[in-house]
1. Can you say whether Pro180 is of a type outside the set (Phe, Trp, Tyr), surrounded by fewer than 12 Cβ atoms within 10 Å (Cβ to Cβ) and in contact (Cβ under 8 Å) with a residue 24 or more places away in the chain, as far as the supplied structure shows?
2. Does Val139 fit the bill of being under 20 Å from Ile212 (Cβ atoms) and exposed (fewer than 14 other Cβ atoms within 10 Å of the Cβ)?
3. Need at least 1 residues that are closer than 21 Å to Ile95 by Cα and touching a helix residue (DSSP H, G or I) at 6+ places or on another chain (Cβ under 9 Å) per element, so show me which helices (runs of 4 or more DSSP H) inside the range 131-232 make the cut, counting only ones lying wholly within it.
4. Condition first: in contact (Cβ under 8 Å) with a residue 24 or more places away in the chain, closer than 23 Å to Leu223 by Cα and surrounded by 15 or more Cβ atoms within 10 Å (Cβ to Cβ). Can you find one or more residues in the range 116-132 that meet it?
5. So Ser221 fits all but one of (1) touching a residue at least 12 places away in the same chain (Cβ under 8 Å); (2) surrounded by fewer than 14 Cβ atoms within 10 Å (Cβ to Cβ); what number is the exception?
6. Inspect all residues belonging to the range 4-26 and state whether any of them is over 30 Å from Val173 (Cβ atoms), of a type outside the set (D, E, K, R) and either at pLDDT 80 or above or part of a helix (DSSP H, G or I) (or both).
7. Any chance the range 95-104 includes a residue that's exposed (fewer than 15 other Cβ atoms within 10 Å of the Cβ), modelled with pLDDT under 85 and either hydroxyl-bearing (Ser, Thr, Tyr) or farther than 25 Å from Gly183 by Cα (or both)?
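The values are calculated or read from the model by the stated rules, or taken from the named source; none is laboratory data. If you're wondering where the values come from, they're calculated on a predicted model, not measured in any experiment. Glycine gets a Cβ as well: all are built from the backbone with ideal geometry, and neighbour counts include every protein chain shown.
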Amino acid sequence: MRRRRNPGRNLPIAIIGSLAIATILYILVAIVAIVAIGALPFDQLDGAEAPLATVLDEGAGFGWASTIISFGALVAITSVVLTILYGQTRIRFAICRDGLMPRRMAYVHPKTRTPVYITAVFGVLIALLAAFVPLAEIVKLVNIGTLFAFVLVNIGVWILRHKRPELERGFRVPFVPVFPIIGAVLCVYLMTYLDRDTWLRFAVWLAIGLVIYFVYGRRHSRLRQGEVINPEAELPEGRA
């Protein structure tokens with residue numbers, strides 16, 4: 001018997017389950033890293049691009065295990081790239097559909113049912129960044145951008161719970177405002193560990209985004225004008 005899809009129930013379970021699995025894996029990796037120091041002097045690991053692979057290869061003499069870890073890292077990076085592409089393209093799709101950015105960019109291919117223009121633009125931008133910007137700097141910018149987004153999400157949950165308590169929700173965050181405050185504070189705490197240059201770049205990008213919003217998006221937002229967006233009614237023709 002085919003189970004009925006219930007995103008309101010399944011998505012929270014998937015998100016919390018994924019976070020739990022990732023947390024356990026990170027703890028295990030940290031434990032292995034501590035043990036690895038006993039197999040190889042720490043000064044030989046300083047600056048290594050793949051410390052665990054280096055320990056297995058040079059310290060323990062297991063070259064095949066080092067290859068497996070390197071392959072696993074490659075697979076992990078690929079999955080992260082796909083996650084970013086999926087997430088960012090769908091976020092921009094929602095932004096364009098609302099009118100905060102040109103709605104034409106939210107074109108959906110009638111066969112694949114995907115936002116082709118946005119996906120193509122992001123693919124080119126990510127390729128250019130990967131080609132000309134050092135990976136370490138990209139990681140810092142991704143970290144500060146993601147953490148800042150989490151801060152806004154936590155604050156938004158708190159505000160919506162007070163201003164729109166009647167709003168139908170597929171999942172209700174427990175212990176509001178305690179959990180949102182803890183989440184926002186922890187994200188800000190992690191952001192303080194990023195260097196000054198990362199903060200300056202983030203401030204520039206944030207300023208550019210605010211200019212686009214106040215010059216273009218604010219006047220074209222359909223939700224701000226009180227218009228109700230019905231995705232199911234708008235997508236059959238391949239347009240947003």
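1. no
2. When the stated conditions are applied, Val139 does not pass them.
3. Details: elements: 135-163, 178-191, 196-212.
Result: 135-163, 196-212.
4. The answer is yes; a qualifying residue exists.
5. Here Ser221 clears every test but (2).
6. No.
7. Scanning the range 95-104 turns up no residue that is exposed (fewer than 15 other Cβ atoms within 10 Å of the Cβ), modelled with pLDDT under 85 and either hydroxyl-bearing (Ser, Thr, Tyr) or farther than 25 Å from Gly183 by Cα (or both).
A quick yes/no check of all residues on (1) in a helix (DSSP H, G or I); (2) modelled with pLDDT of 75 or more:
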| residue | (1), (2) |
| --- | --- |
| Asp43 | yes, no |
| Asp57 | yes, no |
| Gly72 | yes, yes |
| Pro110 | no, yes |
